[in-house]
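The values are calculated or read from the model by the stated rules, or taken from the named source; none is laboratory data. Here the structure is a predicted model, which is why all the values come from computation and not from measurement. Don't worry about glycine lacking a Cβ; one is built from the backbone with ideal geometry, like all the others, and counts go over all protein chains shown. To get the accessible areas, we keep the full protein, side chains included, count just its heavy atoms, and leave off ligands, DNA and RNA. Shrake-Rupley method; radii C 1.70, N 1.55, O 1.52, S 1.80 Å.
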Amino acid sequence: MPNSTRMIVFSGTSNIGLSEGIARHLGIGLGDVKISQFANGEIYVRYLESVRGADVFIVQSICGSINDALMELLIMVDAAKRASARSITAVIPHYGYARQDKKSAAREPITAKLVADLLSVAGVDRVIAMDLHQGQIQGFFDEPVNHLTALPILADYFSSLNLENCTVVSPDVGRAKVCKKLSDMLGADLAIMHKERPVHNAVEVVQVIGDVSGGTCIIADDMIDTGGSMIASVDSLMQAGAAKVYITATHGIFSPPAFDRFDSAPIEEIVVCNTVPIPPERQNGKIHVLSVASLFARAIQNVFNDESVSELFDPDFQL
């Protein structure tokens, strides 16, 4: 029997462009919701259409003004729950606080778990996320988590460039498994950076493990923040004899002074996805943005129809 329940997709304010793209691929319009702030900064949400008995999907990247984006998502979930939505799925293209997924030193928080708890208490029934900083963050939720990956989209783009003598470079040992998947998709070699991070957003690359001399390198990570780690990696690869260097990541956060760093760096291109909005004036020159709207739309459609989402993890999946 076909699903007779209504599907309504609402957007928070952090990444409206991606939300609109998802709605277009679904062949629907975004739901009508009012989001505003009181004079003291408190966030107000009211759905301007009935959600009673509907499967509600709330698209919100936890980025930009990250704490406002998170609070806005929580309030949207609470409002949908109190309006008798049948189910509530939080579609979180970029999961903020994901880097705080473990205690690396005494008296530190595990904020990625705290965010999961907040979403659960607010009333989320399911989460759809993309390229979490660590896959085990899925285990922080008691609710189902569909963990999408942008690897097929990134691989398809780099395949279209017909790069020769190509090596995918993992920025650290922890990212090696994911980079191996990308290298297999591209039929490329794999190299690994061994590095140390003395303080947050600062890095010292120690060694390049693998032969990159004379070749084209693609440094692949889950996110780019201030760019310090990437610039250090690029410098080490150039010193090791790399001819060209590309950078790719799912989430292009680009906190200052990232754009200034990349403008002067010997990088061919920086390829990111639109899980985090990139200012239009920056989407030229070295920075190339790929859309993941079709992938999220398929995931939402499959969840709504009670169909498998695992096919979307298949590198041969055709968008």
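Side notes on the structure shown:
- Accessible surface, the stretch 77-149, averaged per residue in Å² (probe 1.4 Å): 45
- In Å, descending, principal axis extents of the Cα set of the stretch 20-60: 38, 25, 13
- For the stretch 225-286, the dipole from Cβ point charges (+1 on Lys and Arg, -1 on Asp and Glu) about the Cα centre works out to 80 debye, to the nearest 20.
- When only the Cβ of Lys, Arg, Asp and Glu is charged (+1, +1, -1, -1), the dipole of the chain relative to its Cα centre reaches about 640 debye.
- Only aspartates and glutamates eight or more places from Lys113 in sequence, or on another chain, were considered; those with a Cα closer than 15 Å are Asp101, Asp142, Glu143.
- Fraction of antiparallel bridges per DSSP, the chain only, in percent to nearest 5: 20
- Dipole moment magnitude, nearest 20 debye, the stretch 1-141 about Cα centre, only Lys, Arg, Asp, Glu C-beta charged: 260
- Of the solvent-accessible surface of the chain, computed with a 1.4 Å probe over protein heavy atoms with every protein chain present, carbon and sulfur atoms account for 48 percent.
- Prolate/oblate/rounded label for the stretch 143-275 (Cα gyration tensor, a/c 1.5): rounded
- In percent, rounded to a whole number, the relative contact order of the stretch 208-285 is 33, using alpha-carbon pairs under 8 Å and six or more apart.
- Å² per residue, accessible surface of the stretch 162-301 at 1.4 Å: 43
- Relative contact order (%) - criterion: Cα under 8 Å, at least six apart; region: the stretch 86-187: 24
- Whole-Hz couplings from phi, Karplus 6.51/-1.76/1.60, listed for the stretch 111-120; x for Gly and Pro: 6, 4, 6, 4, 4, 4, 5, 4, 5, 5
- Rolling a 1.4 angstrom probe over the protein heavy atoms with all chains in place gives the stretch 1-70 an accessible area of 52 Å² per residue.
- Inter-probe distance in nm under a simple model that places probes 7 Å from Cα toward Cβ, at Asn302 and Asp68: 3.5
- Rounded to two decimals, the Cα-based Rg/Rh of the chain, with Kirkwood Rh, is 0.98.
- Dipole of the stretch 17-113, positive end: most advanced residue of Val77, Ser50, Ala98 [Cβ charges, Cα centre]: Ala98
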